[in-house]
Structure formats: structure tokens, C-alpha cells
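Right, one structure below, let's go through it.
Computed from the coordinates by the stated procedures, all read-outs in this text should not be read as laboratory data. These numbers were taken from a predicted model, which means no experiment stands behind them. Cβ coordinates were reconstructed from backbone atoms using ideal geometry, including for glycine residues, and neighbour counts include every protein chain displayed.
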Amino acid sequence: MPNTKEHSAYSHTQTTAVRSGLDTDMAHGAVMPPIYLSSNFSFESFNQPRKYDYTRSGNPTRDLLAEALAELEGGHNAVITPTGMAAVNLVLQLLTPEDTLLVPHDCYGGSYRLFEHASKRGLFNLNIVDQNDQQALQQALEQQPCLVWVETPSNPLLRIYDIEAICQQAHQVGALVAVDNTFLTPLWQKPLELGADIVIHSTTKYINGHSDVVGGAVIAKTQELHEKLAWWANCIGATAAPFDSYMTLRGVRTLHARLQIHEQNTQSLLDYLKQHPTIKKVYHPSLKSHSGHEIAVKQQSGFGAMLSVELDLGTEPQYYPQLLNHFFSSLNMFTLAESLGGVESLVCHPATMTHAGISEEARKSAGISSSLLRFSIGIEHNEDLLADLSQALESFSVFRQKLTTK
């Protein structure tokens, strides 16, 4: 069992991330904590269980990750789930059929799909609004939702929502606020400090950071809320495996170092993309032209390493599939794949990938067009990334010219 020796809180989050769980092995003094792969644990005697009895209910390896993420986010404790969507689904267990869930119109496609279909089954009422439309938001809050879901920056258009303002408004009507903080991690944004009650992560992304483990986390601000979430996680079996937890905690240790390079690379690519003739629009909150720039400056300590662009596909939709295929095929260092936040650079076409599971009408409402591309900028050398993107865009330009002048 891990050592529970007391230590004072570290002054810097990167130190917390690196030191979490270190030197806690009482059995052999291992610097790195061991993995407790056992599915069950013996009782001390009849009717005398130890702290852990069954891994679905509790596991020391998983608890180390939970403690680390809770400390980084400034929460009471965390529940570690087997996937990011399991984390989303876990929070929904707090709702009853009479309750209303208020969500943004442009949230991640997987979350949107779950919200929509769960509400159709009568598990709760659903209200979908543009949370930057103050009149629409106020009208929705007047209906007294039980839970307000916030995702900022949004996926994939990187819209920014004012967490503190939404929390104040939501709490006035008695609603809880849950914030999906996957894109920024606790090193770039701390929603609990801004008033949120719950923070959700797909730890698959930046927190693990190596695209080799799927997982999720739900961090609660209070003991009471955490106990409810932990009860439901045990009840429905939404708890992560020890090995996955160990791997994710290993990723946490390098989070700060990785994020610095992610963001540096993103800024260098933005300068190039902003002036390229085949890019119609660039979405990133660091840009002063971004509608949410001032709020991002206020509530974030970093702008993130996700960016989206509108690629100029011309005015003839029949050519769009060929043009997109040519561009993706021309890239060598941006892999066409879903997910994000790994050390490797990725490119995604949201309309046919991450948001393919929602209706065309919903995609149109969220502003997700056929020409929208989402990039997850990795930690390769920025000059190599820039050279690859440059040659792919030049090849695309030549191909588009030939294709449209036949």
C-alpha cells in the first residue's frame, strides 16, 4: 500500500505533476510507485476489510492518479474512468428524468451524441444553446437547469466561454457547472478556481500525451460531490484499470515540459497560416482577432496547441473530396487521425470524423463546414512541421488549379 506520508503543497504545478506518487512505496522503497494489478485484496479478518477490497471499487495505483489530478485542478478528489466518454457519462448519473441539462451548441461530437440520445431515452431534459448568446443563455437558465455543461475552448472551433460568468449565473438558479478542460489541462486553465463544481478530462489527450492509453477523469470541488460520483462510478463500473492509470500518471510527469513545446510550435505555425492564400480563416484564441481572445487572456495561462483552419476549397463542391484527399495525402508529419494532445502532430476533418455522429443540421449550427480542418500540434521540431505544412499547401494549390480549370 502506498505510503501516506504528509508533504506540504508544492509552489508550482510542474513540481506537483512530476512528484505525484514518488517515494510512496513502503514495502521496498521504490522511487516510482508500483502497479497494483490485483483485482481483489484480502480482508484482515472476518468482516474486517482493508482500505481496498476490489479494484473496481478502489485501487492504490488508480488513487495516485486521482490524487495527482485533483491536486493539479485544486479539487477535493477525482474519479478515474476508462475513457473520456465514460467520464462524461459518469457526470450524467447525477441527473434524474425531471432534471434539465444545459449544453453548448458546439461541444465535442461524442458528447453531443451522448447528450442527445440519452435525453431521447428520457434520462433527462436537454437544452442546447449558444452560450455566448447572452439572451439565449439567460432564457435557458431561467428554466432552472440542474447542470450546465461548458467546453472551452470548444472542439473544433476553439470558441471561448467565460467560465466565471457562466458559473455565477448558473449558481444563482441552483445549477451545478461542469467544465470539459481537456484542451487546456490544469496547467493552462483551472475551472474550479473560476467557480466550476466539476472538471472533466479525456486523459487520453494531453494528460497522458503519448496516444497509447485511453482514459478519463472527473474532478469534484467538494467531498459531497466526489462521494456521489465515486458511488456511481463503482455502481456502473466506470473505473479505470490499474495499468492504464499507471501509464497516465507517467504521462502527467512530463506534462509541463510537453505543453511548452506544443504551444511554441503552435505559435510558429500560426504566423505562417495567417498569411497563406489558401487558408481562408484561422481559429486560435491567441489571435487578437479571435472573438474570445480577451476572455482567454483573463481565464487561461496558455492559449493551447489546438488550431483549426478553413481551407479554400473553391466554389465547386463536387471537387471537395478530391481536394481534401490530395491535401491530407500530401502531408508527411501530420497524421490523419482522430484524437489529439499526443506528442505527434495530427490533422482531422471534423465533419467526417469527430463530428460525423451528429446531424448535418447540428454541424451547420455549430459552424462545422466541409472545409474545416483541425490540427493537433505535436512536439516535433517546429521547422520540420512548418516545412511539411508548406509543401502540402503548395501542392494543394497546384492541384486545385489543375482540377478546377479542366
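Before moving on, here are some points about what is shown:
- For peptides 119-128, 200-209, 159-168, 284-293, sequence by mean Cβ density within 10 Å, most packed first: 200-209, 159-168, 284-293, 119-128
- Here r is the Cβ-Cβ distance between Ser365 and Arg56 and R0 is 45 Å; the resulting FRET efficiency, rounded to 0.05, is 0.70.
- Protection proxy ranking, peptides 215-221, 301-307, average beta carbon neighbours within 10 Å, highest first: 215-221, 301-307
- Ordering Asn40, Gln172, Ala196 by the projection of their Cα atoms onto the charge dipole of region 13-252, which places +1 on the Cβ of Lys and Arg and -1 on the Cβ of Asp and Glu, puts Asn40 at the extreme positive end.
- GluC sites (Glu not before Pro) within region 2-85, DSSP loop, no more than 14 other Cβ atoms inside 10 Å: Glu6, Glu44
- Exposure proxy ranking for Val309, Val18, based on other Cβ atoms within 10 angstrom of each Cβ and starting from the fewest, stands as Val18, Val309.
- Computed from Cα atoms, the angle from the helix 163-172 axis to the main principal axis of the chain rounds to 60 degrees.
- Looking at region 88-239, the DSSP beta bridges with both ends there are about 20 percent antiparallel.
- Centre-to-centre, using Cα atoms only, region 140-186 and region 72-117 are separated by 12 Å.
- In nm, spacing of pseudo-spin labels at Ser11 and Thr254 (7 Å Cα→C-beta vector): 2.7 nm
- From most to least packed by mean Cβ count within 10 Å, the peptides 182-192, 381-391 give 182-192, 381-391.
- In this Cβ point-charge picture (+1 for Lys and Arg, -1 for Asp and Glu), the chain has a dipole of about 500 debye about its Cα centre.
- Helix-only mean residue ellipticity at 222 nm for the chain, each DSSP H run of n ≥ 4 adding -39500 (n - 2.57), per residue, nearest 500: -12000 deg cm²/dmol
- Between Gln144 and Lys298, the contour length at 0.36 nm per residue exceeds the alpha carbon distance by 52.7 nm.
- When Glu227, Glu360 are sorted by how many other C-beta atoms sit within 10 angstrom of their C-beta, beginning with the fewest, the order is Glu360, Glu227.
- Point-to-point label distance, Ser289-Tyr320, nm (Cα→Cβ direction, 7 Å offset): 2.3 nm
- Taking the centroid of alpha carbons for each part, region 217-265 and region 318-347 are 29 Å apart.
- Antiparallel DSSP beta bridges within the chain, as percent of all bridges there, nearest 5: 60 percent
- FRET efficiency for Asp212 and Ser397, using Cβ-Cβ distance with R0 set to 22 Å, rounded to 0.05: 0.05
- Listed pairs Lys120/Lys205; Lys120/Lys364; Lys298/Lys364; Lys120/Lys281; Lys120/Lys274; Lys228/Lys364 exceeding 31 Å between Cα atoms: Lys120/Lys281; Lys120/Lys274; Lys228/Lys364
- Of all aspartates and glutamates in the structure, those lying under 15 Å Cα to Cα from Lys51, and not within fewer than 8 positions of it along the same chain, are Asp63.
- Taking the DSSP beta bridges with both ends in region 256-404, the antiparallel portion is around 85 percent.
- Chain lengthening between Ser329 and Gln93 when straightened (0.36 nm per residue, less Cα-Cα): 80.7 nm
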